Amino acid sequence: MSSLDHPAVAKVAAALAEAGQQRAADGIRILPAEVRTAAQAAEALGVEVGAIANSLIFRAVFADRTAPLLSLTSGAHRADTGKLAELIGALAVEKADPTFVKEHTGQVIGGVAPVGHPAPIETLVDTALEQYDVIWAAAGHAKSVFPTTFAGLVALTGGRAAGVGS
């Protein structure tokens, strides 16, 4: 099975098309090797590391529940969990383990896409991404990426633009 035929990648392509972002769906690229970091993705694509949108799933802890939080963070810096918690009104935002990520996204760490999840996930989109004409995000598999824009990511995810980095 080629990576483009991978069920998670197909689901992402369908979600992009359904959201009216056919250009992003058609632009899905399968890279020669897995790219599990922003630096690896940037090198493979020949772009600045800041133009990579890391899809980071966190475990948001509220007084009465826990919930997933997706932070689409520029590869140029790290997400600040204190800022994330403050932005969404959580008691804390913690690193999510692989089981939690898979349960809430249907995807594995290293290939988590901004879309294609079993249910909507609260999303913050890093304003540092706004400076790039083209942003690259994971497409459901560690070897797949798709091109989009800052406005496209916000629209696609129903996310909120915010400064999330430290």
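The values are calculated or read from the model by the stated rules, or taken from the named source; none is laboratory data. Predicted, not measured: the structure shown is a model, and the values here were computed from it. Note that we place each Cβ from the backbone using ideal geometry, even for glycine, and neighbour counts take in every protein chain shown. Surface accessibility is based on the protein's heavy atoms, side chains included, excluding ligands, DNA and RNA. Shrake-Rupley method; radii C 1.70, N 1.55, O 1.52, S 1.80 Å.
Could you give the dipole magnitude of the range 1-142 about its Cα centre, charging the beta-carbon of Lys and Arg +1 and that of Asp and Glu -1, in debye to the nearest 20?
Computed about the Cα centre, the dipole is about 220 debye.
Go through 39, 16, 57 and say which Cα lies farthest out towards the positive end of the charge dipole of the range 5-73; charges sit on Cβ, +1 for Lys and Arg, -1 for Asp and Glu.
The one lying farthest along the dipole's positive direction is 57.
How would the range 84-166 be classified by its alpha-carbon gyration tensor: rounded, prolate or oblate, with rounded meaning a/c under 1.5 and the a/b versus b/c comparison settling the rest?
Oblate.
Using a cut-off of 17 Å between alpha-carbon atoms, which aspartates and glutamates can reach residue 83, once sequence neighbours fewer than 8 places away in the same chain are excluded?
Filter leaves 94, 122, 126.
Tell me which residues come under 5 Å, amide H to amide H, from residue 78 once H is placed; ignore anything under 5 positions away on its chain.
166
Can you give me the distance in nm between label points at residue 94 and residue 155, each placed 7 Å from the Cα along the Cα-to-Cβ direction?
Those two pseudo-labels are separated by 3.8 nm.
Let me check something: with ligands and nucleic acids excluded, how do 117, 6 order by accessible area (1.4 Å probe), largest to smallest?
Correct descending sequence by accessible area is 6, 117.
So which aspartates and glutamates can residue 11 reach, going by Cα to Cα under 15 Å and dropping same-chain residues fewer than 8 places off?
26
When you take every Cα atom in the range 1-151, what is the radius of gyration, and what is Dmax, the widest Cα pair distance, in Å?
Using the Cα atoms of the range 1-151, the pair Rg, Dmax is 14.6, 45 Å.
Starting from the amide H of residue 122, placed 1.01 Å from N in the peptide plane, find each other amide H under 5 Å away whose residue is 5 or more places distant or on another chain.
HN-HN under 5 Å from residue 122: 70.
Note down the nm distance, to one decimal, between modelled labels 7 Å out along Cα→Cβ at residue 134 and at residue 66.
Taking the two extended label points, one gets 3.9 nm.
Mind pulling the per residue volume of the convex hull built on the Cα atoms of the range 51-90? Å³ is fine.
Measuring per residue, one finds 52 Å³ for the Cα hull of the range 51-90.
Considering only protein heavy atoms and a probe of 1.4 Å, how much of the accessible area of the chain is carbon and sulfur, as a whole percent?
Ligands and nucleic acids excluded, carbon and sulfur reach 52 percent.
List the residues of the range 28-57 whose backbone N lies under 19 Å from a point placed 7 Å from the Cα of residue 103 along the Cα-to-Cβ direction.
Only 56-57 pass the distance filter.
Can you find, among 72, 147, 117, the residue farthest towards the positive end of the dipole of the range 1-153? Put +1 on the C-beta of Lys and Arg, -1 on that of Asp and Glu.
Most positive-ward Cα: 117.
Using helices alone, I'd like the mean residue ellipticity at 222 nm for the chain: each DSSP H run of four-plus residues gives -39500 (n - 2.57), total over residue count, nearest 500.
Calculated at 222 nm, the ellipticity per residue is -8000 deg cm²/dmol.
What Kirkwood radius, in Å to one decimal, follows from the Cα pairs of the range 12-62?
12.9 Å
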